[in-house]
1. Among F63, F80, F24, which one shows the highest mean-square fluctuation when the chain is modelled as a Gaussian network with alpha-carbon springs under 10 Å?
2. In segment 77-151, if the dipole is taken from +1 on Lys/Arg beta carbons and -1 on Asp/Glu beta carbons about the Cα centre, which of Y141, F100, G117 is farthest to the positive end?
3. If you count the DSSP beta bridges with both ends in the chain, what percent of them are antiparallel, to the nearest 5?
4. With a ≥ b ≥ c the root eigenvalues of the C-alpha gyration tensor of segment 35-173, is it rounded (a/c under 1.5), prolate (a/b larger than b/c) or oblate?
5. Keeping the other protein chains in place, figure out the carbon and sulfur percent of the accessible area of segment 17-69, with a 1.4 Å probe.
6. Quick check: the distance between the Cα centres of segment 104-151 and segment 1-56, to the nearest angstrom?
7. Quick check: pseudo-label points 7 Å beyond the Cα along Cα→Cβ at L146 and R3, how many nm apart are they?
8. Can you give the accessible area per residue of the chain, in Å², using a 1.4 Å probe?
Amino acid sequence: DLRKVVQNFDGYIDIKNLATNTVFSEGNPESDIMIIGEAPGNNEDLEGRPFCGQSGQLLDNMFKAIGLKREDLYITNTLFWRPPGNRTPTEEEIAICRPFVEKHIFLVNPKIIIFMGATALKDLIETNLTITKARRQLFDYTNQYLGEKIIKTTPLFHPSYLLRQSNKKKDAWGDLLFIQNVLDNL
């Protein structure tokens, strides 16, 4: 039902009119692991799926390295439409989508949320830390729909960043081992 609400949303958000598809989610809605990225890129907009193309292949390989398949995860973004030119979403666009994202988190009810990239981290967790300093730390997340429930979160470098900065892949491997350890102890 939430997918339909988002697809039919006609509130003030210009990028929806410029996008090809609404990119809502993919994966297992019963998963304990929710991946939240920033916004769809060109491939995601064309296919209507989050994290496809080269960044999606890298995401799949990253989680495969710790024994998880894409079907074991639930994947979405903080924004459901591709910003023109793949620009970073504006604060206004994020604010408009935030209630949908919060409800989405409530409905999936994961044990852990993994933020892919700095934008997703800063959009949903109040922190002044850069992603480099926030890595390998757990943060508490809650929202208006969760009540007293707290969900553990941690960030990872976004796969598209790792494709541009391959020297950071070693750091990402350590981050994945940290996440594997957290998952083993949930």
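The values are calculated or read from the model by the stated rules, or taken from the named source; none is laboratory data. Keep in mind the model is a prediction, meaning the values are calculated, not measured. Note that we place each Cβ from the backbone using ideal geometry, even for glycine, and neighbour counts take in every protein chain shown. Quick note on the areas: whole protein, heavy atoms, side chains included, nothing else; ligands and nucleic acids left out. Shrake-Rupley method; radii C 1.70, N 1.55, O 1.52, S 1.80 Å.
1. So, out of F63, F80, F24, the one fluctuating most is F63.
2. G117
3. Roughly 30 percent of the DSSP beta bridges within the chain come out antiparallel.
4. Judged from the Cα gyration tensor, segment 35-173 comes out rounded (a/c under 1.5).
5. Working: 960 of 2410 Å².
Answer for segment 17-69 is 40 percent, counting heavy atoms of protein chains only.
6. 18
7. 2.4
8. Working: 9360 Å² over 186 residues.
With all protein chains present, the chain gives 50 Å² per residue.
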